[in-house]
Amino acid sequence: MVDKEVNKMREKGELLMFQLGFDAEAFGLVLASDYKAKVLAGEDGRVTQGTVEKFVEKVLLSSTDLSFSKEKMLREFLFTDAEITQLVKSGVLTVRDAGSWWLSIPNSGKFTKYLIQGRKAVLGMVKKSKYGEVLKADLEERRTTSQVKFHMKYHIHDIVGAELVER
């Protein structure tokens, strides 16, 4: 049911999907209107503003792809090599491999770093507990290291949702 609604929203161009980069099965979803507003606000007055606006209008409104090949960017969307470089520098694209790029959220690297650090720390707490089990309430009360930047409840929901632990 949820997948059906997500796919419907993606096809309408209302929802964007991103590969988060730390796991082949980890994806993020962002409302297209929020993404567009954030990206364009971040580019205001910068040299790359025109290129990013072109990307948002031409690519995001017409494609549901998670990644883009050089050929597609050059031939279908009519970007130049210099413009593609600007898109990478502005953070709307990140390198997937030679000649292809993932759709990206500018400045999302810190979020991903903190998510991974917190996930590892919380999973470590669970594994170190007796029998590798701990009550959710007890886990929520535990103190975390300085590496964990998000609230414990956030990480608990993350590891349960990612099916890294059983409820």
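The values are calculated or read from the model by the stated rules, or taken from the named source; none is laboratory data. Keep in mind that what you see is a predicted model, and the values were worked out from it rather than measured. Because the Cβ atoms are built from the backbone with ideal geometry, glycine has one as well, and the counts that use them run over all protein chains shown. What goes into the accessible areas is simple: the full protein's heavy atoms, side chains included, and nothing from ligands, DNA or RNA. Shrake-Rupley method; radii C 1.70, N 1.55, O 1.52, S 1.80 Å.
Below, the figures for the structure above:
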item	result
Of the GluC sites (Glu not before Pro) in region 122-166, those whose Cβ has at most 15 other Cβ within 10 Å and which sit in DSSP loop	Glu133, Glu163, Glu166
Inter-centroid distance (Cα atoms) of region 90-120 relative to region 30-52, Å	17
Percent carbon-and-sulfur accessible area, region 18-167, ignoring ligands, DNA and RNA, probe 1.4 Å	52
Structure-based [θ]222 nm, the chain - -39500 (n - 2.57) summed over DSSP H runs of at least 4, per residue, nearest 500	-13500 deg cm²/dmol
Per residue value of the accessible surface for the chain (all protein chains in place, 1.4 Å probe), Å²	65
Net charge dipole size for region 45-138 [Lys, Arg +1 and Asp, Glu -1 on Cβ; Debye, nearest 20]	600
GNM result for the chain, Cα springs below 10 Å: residue of Val92, Val30, Val47 fluctuating most strongly	Val47
Cα-centred dipole magnitude for the chain, charges only on beta-carbon of K, R (+1) and D, E (-1), debye, nearest 20	580
